[in-house]
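These notes concern the structure reproduced below.
The values are calculated or read from the model by the stated rules, or taken from the named source; none is laboratory data. Keep in mind the model is a prediction, meaning the values are calculated, not measured. Ideal geometry is used to build each Cβ from the backbone, glycine not excepted, and the neighbour counts take in all protein chains shown.
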Amino acid sequence: MAKVSHREKILSEGLRLVHERGFSGASVRDIVQAAGVPQGSFTNHFASKEAFGLEILDLYFATSRDRIRATLYNDALPPLQRLADFIEANKAALNRDGMKNGCLLGNFSAEVVESSEAIRHRLMAIFAEVQAGVAYCLKAAAKAGLLRADMNCEDVAGFIVSSLQGAILLAKTERDPAPVDRFKRVLFEVVLR
């Protein structure tokens, strides 16, 4: 079996630790201790903690991107089912840790964007990619006659991404999936009706 590099250990353990404790709550020392590597390994692989933060965002989003492809871009499923599946997949991801850690993207948005323009811009690009997936799904639903033909799919997609992030944040706060369930119910029964 191939040996895992210090860089990979720092990224995987660092992602886990930052997701649990927050970016500020996980020091470089904590990260290297969790990875079981010497402190100098961090500076050998990352120019700064900000550079490390950008990489763990990308690592985290790779999983989210897989979720987006499997749901929102899955043309084998009816469009509104894809959207429902996307919301459920996000809820399932939250349930893995009992709602304690929330979404790393939302956590970084709340915690890090004031101190890092690079991270803020990366988050904007990530959220734009999520929104594009939701808009793709909504446009397919409109084309199939499942939504009003005059619906502004881009605006509604932005609303959905914003609202889902808010629901995830509340689910984290309440340690309960009810806010995500309420969002999904209102989305399908009122907004997309």
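Observations on the structure shown:
- Residue within the stretch 6-17 that is more than 23 Å from the chain's Cα centre (by Cα) and at negative phi present: yes
- All conditions in (1) closer than 22 Å to ALA93 by Cβ; (2) within 19 Å of the chain's Cα centre (by Cα); (3) not polar (S, T, N, Q) hold for VAL156, with the sole exception of (1).
- Every residue from the stretch 40-77 that is part of a helix (DSSP H, G or I), under 18 Å from GLY25 (Cβ atoms) and of a type in the set (Ser, Thr, Tyr): TYR60
- Yes/no for GLY14 being touching an Asp or Glu at 6+ places or on another chain (Cβ under 9 Å), within 17 Å of PHE108 (Cβ to Cβ) and either at pLDDT below 95 or not assigned by TED's automatic domain parsing to the domain that holds MET99 (or both): yes
- Cβ pairs under 6 Å, 6+ apart, first in the stretch 174-193 and in the same structural domain as SER162 (by TED's automatic domain parsing), second part of a loop (DSSP other than H, G, I, E, B) and modelled with pLDDT under 95: ARG175/MET99
- Which numbered condition SER48 fails, given (1) surrounded by 15 or more Cβ atoms within 10 Å (Cβ to Cβ); (2) out of contact with any Lys or Arg (no Cβ under 9 Å at 6 or more places or on another chain): (1)
- Residues located in the stretch 18-39, provided they are over 20 Å from the mean Cα position of the chain (by Cα), surrounded by 14 or more Cβ atoms within 10 Å (Cβ to Cβ) and not in a helix (DSSP H, G or I): VAL37
Each row is one residue, and each column tells you yes or no for (1) at pLDDT 95 or above; (2) under 27 Å from GLU20 (Cβ atoms).
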| position | (1), (2) |
| --- | --- |
| GLU111 | no, yes |
| ALA118 | yes, yes |
| VAL134 | yes, no |
| ASP150 | no, no |
| PHE159 | yes, no |
| GLY166 | yes, yes |
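- The combined condition, being free of Cβ contacts under 8 Å to residues at least 40 places away in the same chain and either over 23 Å from MET99 (Cβ atoms) or buried (at least 20 other Cβ atoms within 10 Å of the Cβ) (or both), is not fulfilled by ALA171.
- Filter result (closer than 20 Å to LEU11 by Cβ and in a loop (DSSP other than H, G, I, E, B)) within the stretch 78-101: ARG96, ASP97, ASN101
- Condition check for LEU123 on (1) surrounded by 15 or more Cβ atoms within 10 Å (Cβ to Cβ); (2) closer than 20 Å to ALA167 by Cβ; (3) over 12 Å from the mean Cα position of the chain (by Cα): one failure, at (3).
- From the list ALA70, ALA76, ALA89, the lone residue that is at pLDDT 95 or above, aliphatic (A, V, I, L, M) and more than 26 Å from LYS172 (Cα to Cα) is ALA76.
- Pairs with Cβ under 7 Å, 6+ apart, first in the stretch 115-137 and assigned to a helix (DSSP H, G or I), second of a type in the set (D, E, K, R) and buried (at least 20 other Cβ atoms within 10 Å of the Cβ): CYS137/ARG82
- LEU123 being in the same structural domain as LEU77 (by TED's automatic domain parsing), in contact with a Ser or Thr (Cβ under 6 Å, 6 or more places away or on another chain) and of a type outside the set (Lys, Arg): yes
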